[in-house]
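Have a look at the structure below, then the notes.
The values are calculated or read from the model by the stated rules, or taken from the named source; none is laboratory data. Just so we're clear, the structure is a prediction, and the values are computed from it rather than from any experiment. Glycine gets a Cβ as well: all are built from the backbone with ideal geometry, and neighbour counts include every protein chain shown. Only protein heavy atoms, including side chains, enter the accessible area calculation; ligands, DNA and RNA are left aside. Shrake-Rupley method; radii C 1.70, N 1.55, O 1.52, S 1.80 Å.
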There are 2 protein chains.
Amino acid sequence: MIEKKGILAKIFPFWEKISEDDRSELLQGTFEKKFKKGDPVKSSNSACLGAMYCISGRLRAYISSDDGKEVTLYYVNSGDICILTANCVIPPISFEIEIEAEEDTILLQIAPTAFGKVQSHNVEVENFALRIIAERFSDVIWSLEQFHSFSIPQRIAMYLYDEMNRTKSMILSVTHEQIAKALASAREVISRQLKDFEEDGIVELGRGKIEIMDKDALKKLI
Amino acid sequence: MIEKKGILAKIFPFWEKISEDDRSELLQGTFEKKFKKGDPVKSSNSACLGAMYCISGRLRAYISSDDGKEVTLYYVNSGDICILTANCVIPPISFEIEIEAEEDTILLQIAPTAFGKVQSHNVEVENFALRIIAERFSDVIWSLEQFHSFSIPQRIAMYLYDEMNRTKSMILSVTHEQIAKALASAREVISRQLKDFEEDGIVELGRGKIEIMDKDALKKLI
């Protein structure tokens with residue numbers, strides 16, 4: 001059993017400023033949730049989830065079009081908070097995101113009723129939520145800049161290089177489909193480019209994994 | 001001479017909650033600025049401008065890549081506030097936007113020093129700024145959805161239809177270049193498509209203007 005109180009006190013900078021009742025409200029509205037890699041966490045028409053804190057694993061937040069094309073907005077890594085899932089209690093956010101587990105993930109989910117109630121009489125709580133949203137906005141603008149500034153080979157190289165650094169491994173457990181979703185591209189485009197990288201000796205492709213064979217050549221592409 | 005105090009009292013919901021000194025600080029740091037259509041208002045490396053209120057006219061906020069390609073983020077219309085230009089006093093915003101006047105525009109510019117000083121001891125001021133940022137985030141996600149969900153003919157038709165409604169005119173003073181920037185596309189692509197629309201009797205193209213000839217046909221394309 002995880003120690004909810006300690007985690008909430010650590011992640012919420014307003015913890016000591018709110019009343020004991022408000023702290024109890026948040027604690028009672030907080031639940032541990034586990035997801036397997038690939039599980040949907042939220043679809044665009046599912047109920048508002050409230051705030052979520054990622055204890056371990058990784059989530060991918062995205063929007064999708066009617067024809068099923070997905071645009072990844074950002075990732076929620078271990079230690080990150082996702083607040084766009086609390087859009088029902090944050091009026092200026094007028095869009096719905098979708099979320100899936102990129103890896104096996106353990107979350108703390110803070111119910112929107114509890115979060116909304118405490119927020120309604122604590123401007124500090126609302127400011128905290130809005131500040132995280134502004135950070136996510138920065139992430140989305142960064143992705144948008146990448147999308148429009150760089151070619152597909154460059155963007156794939158950046159993705160692989162970042163993943164290598166993030167996971168501290170030369171063998172990445174990632175599918176072509178996952179890269180396509182991360183880069184808002186088509187799987188076929190990614191597969192073709194990865195095959196070119198393989199012919200150049202930069203990577204070696206396996207089932208559901210990509211091994212980096214030449215880190216320096218990869219870096220040069222960026 | 002415009003009446004600055006009346007405008008600030010109207011646009012800032014926190015006006016009555018802050019001290020008389022803070023109100024003076026904001027008033028003294030507020031200046032009227034005029035721009036001609038096409039004028040740059042802010043480039044990515046120019047100094048932080050503070051908050052801006054659009055009295056009349058229209059601004060376009062965008063990001064641009066190294067090769068000069070522009071992605072329009074949103075428009076600031078008469079009556080709107082732009083706060084992303086105050087990024088120097090709003091830490092979670094880690095990107096720089098660029099702004100140009102889409103039309104002859106009159107602004108009230110509230111210096112970042114004044115805004116930052118008042119914000120530093122009034123959580124309500126920060127809250128106001130962050131809420132506007134969250135609204136802009138919603139605008140950007142909306143554009144992103146359009147970009148990925150709709151074809152170029154659909155997006156041009158939507159642009160023309162929206163402009164017709166916004167300006168309440170069948171004759172739009174807009175160049176192919178402007179549409180290209182609004183839709184993050186290339187001018188050639190827009191010109192080719194507009195020519196097709198002209199052949200179908202939907203629009204008539206002139207120098208720097210587009211006349212809507214068949215509103216219903218335009219709507220059907222969307």
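Observations, loosely collected:
- In the context of the full set of protein chains, residues of the protein assembly as shown present 46 Å² of accessible surface per residue (probe radius 1.4 Å, heavy atoms only).
- Cα convex hull, chain B: 130 Å³ per residue, rounded to a whole number.
- Considering only Cα atoms, the convex hull volume of the range A:56-102 works out to 77 Å³ per residue.
- Counting only Cβ charges, +1 for Lys and Arg and -1 for Asp and Glu, the dipole size of the protein assembly as shown around its Cα centre is about 260 debye.
- Estimated Rh, the range A:150-221: Kirkwood, alpha-carbon pairs, angstrom: 11.8
- Per-pair calculated FRET efficiency, R0 = 56 Å: B:E188 and A:I106 via Cβ, rounded to 0.05: 0.65
- Hypothetical label at B:S24: residues of the range B:110-126 whose amide nitrogen lies under 17 Å (7 Å Cα-Cβ projection): B:114-115, B:117-119
- Per-residue mean of foreign Cβ neighbours for A:122-129 is 3 (Cβ atoms of other chains, 10 Å radius).
- By accessible area, using a 1.4 Å probe on protein heavy atoms only, the range A:150-221 has 47% of its surface on carbon and sulfur.
- Listed residue (B:L183, A:I222, B:A101) projecting farthest to the positive dipole end of the protein assembly as shown, Cβ model: B:A101
- Nearest-20 debye value, chain A charge dipole, Cβ charges on Lys, Arg, Asp, Glu: 280
- Whole-Å semi-axes of the protein assembly as shown's equivalent ellipsoid (Cα gyration tensor): 36, 34, 20
- Note on the protein assembly as shown: dipole from Cβ charges, positive end direction compared against B:P92, A:C54, A:H121; the farthest Cα belongs to A:H121.
- Interface of A with B. Using a 1.4 Å probe and counting protein heavy atoms only, the two chains hide about 2900 Å² of accessible surface, both sides summed.
- Solvent-accessible area assigned to carbon and sulfur over the range B:4-145 amounts to 49 percent, based on a 1.4 Å probe.
- Surface accessible to a 1.4 Å probe, A:D67 within the full protein complex, Å²: 120
- Based on Cα contacts under 8 Å between residues 6+ apart, chain B shows a relative contact order of 19 percent.
- Simple Cβ-charge dipole of the range A:150-221, Lys/Arg +1 and Asp/Glu -1, about Cα centre, in debye nearest 20: 280
- Using C-alpha pairs under 8 Å with a sequence gap of at least 6, the mean separation divided by the residue count of the range B:150-221 gives a relative contact order of 35 percent.
- Normalised convex hull volume, the range A:102-222, alpha-carbon set, Å³ per residue: 136
- Within the protein assembly as shown, helix-based [θ] at 222 nm, where runs of 4 or more DSSP H residues each add -39,500 (n - 2.57), nearest 500: -13500 deg cm²/dmol
- Cα-only Debye scattering, the range A:140-186: base-10 log of I(q)/I(0) at q = 0.19, 0.27, 0.29, 0.33 Å⁻¹: -0.61, -1.09, -1.17, -1.27
- Segment A:K220-A:E32, length gained on full extension (0.36 nm per residue, minus Cα span): 63.4 nm
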